[in-house]
Amino acid sequence: MSEVVRLSLVSHAMTDAMAAGRFPNDEPLNQLGHRQADATVDLGVVDAAYCAPEKRARQTAELLGLPAAVEPQLADLDFGSWRGTVLSGVQPADLAVWLTDPTRAPHGGESVVALVQRVHGWMDGLASARGRLVAVTHPAVIRAAILVALDAPPKSFWRIDIAPMSRTVMNFRGQAWTLRSSG
């Protein structure tokens, strides 16, 4: 019987950008975010912890009591020139292209396909790990990981909702990732 890697992906807590419908910068958690992280579920035994480099992910990991190593591959989707902009401030045609063509990045940042490839590479690196791993990261990164586990097409990316402080659990048993639970 092969050893199982259990990966819990935790979405960072609430920020002002999320509450206002803005594309994020490297902002901290807001007051609600601090309360969310303080009231979160117990993660149990953790053999290794990682977090995205952004302040909101590092703060969430700290509030969870995780001695998390910063992992650049868990960084949020690069929103390029849209950083800090409210969703309604983006040209509708540009937004439509971005939401329907996962290969495009009209904002000059990262495409969904590039994000999925980055996350896939990180998950491949975990395949030789053992035990219970936790990663505090962003909704976009968790969506990408779900697509990897399900071998789903990148166009499915926007059909997955990831709430602040939600936990998505995946297992790796020798050959493939499986989605155990999400929510």
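The values are calculated or read from the model by the stated rules, or taken from the named source; none is laboratory data. Just so we're clear, the structure is a prediction, and the values are computed from it rather than from any experiment. All Cβ positions, glycine included, derive from the backbone under ideal geometry; neighbour counts span all protein chains shown. Note: areas computed on protein heavy atoms with side chains; ligands, DNA, RNA excluded. Shrake-Rupley method; radii C 1.70, N 1.55, O 1.52, S 1.80 Å.
Applying the selection to segment 61-93, what residues are over 17 Å from the mean Cα position of the chain (by Cα), in a helix (DSSP H, G or I) and without any contact (Cβ under 8 Å) to a residue 40 or more places away in the chain? Within segment 61-93, Gly80, Ser81, Gly89, Pro92, Ala93 meet the criteria. Total residues in segment 155-183 satisfying the condition of being touching a Lys or Arg at 6+ places or on another chain (Cβ under 7 Å), over 19 Å from Gly44 (Cβ atoms) and open to solvent by less than 30 Å² (accessible area, probe 1.4 Å): the figure is 2.
Quick one: is Arg35 part of a helix (DSSP H, G or I), closer than 23 Å to Ser166 by Cα and touching a Cys at 6+ places or on another chain (Cβ under 6 Å)?
Values: part of a helix (DSSP H, G or I): yes; closer than 23 Å to Ser166 by Cα: yes; touching a Cys at 6+ places or on another chain (Cβ under 6 Å): no.
So Arg35 fails the test.
Just one residue in the set Ala96, Ala140, Ala114 is assigned to a helix (DSSP H, G or I), under 21 Å from Ala17 (Cβ atoms) and aliphatic (A, V, I, L, M); that residue is Ala140.
For segment 21-57, a residue qualifies if it is open to solvent by 80 Å² or more (accessible area, probe 1.4 Å), closer than 23 Å to Leu7 by Cα and in contact (Cβ under 8 Å) with a residue 40 or more places away in the chain, and the qualifying residues are Val41, Val45, Asp47. Only one entry in Leu95, Leu87, Leu66 is open to solvent by 40 Å² or more (accessible area, probe 1.4 Å) and either touching a helix residue (DSSP H, G or I) at 6+ places or on another chain (Cβ under 7 Å) or hydrophobic (A, V, I, L, M, F, W, C) (or both), namely Leu87.
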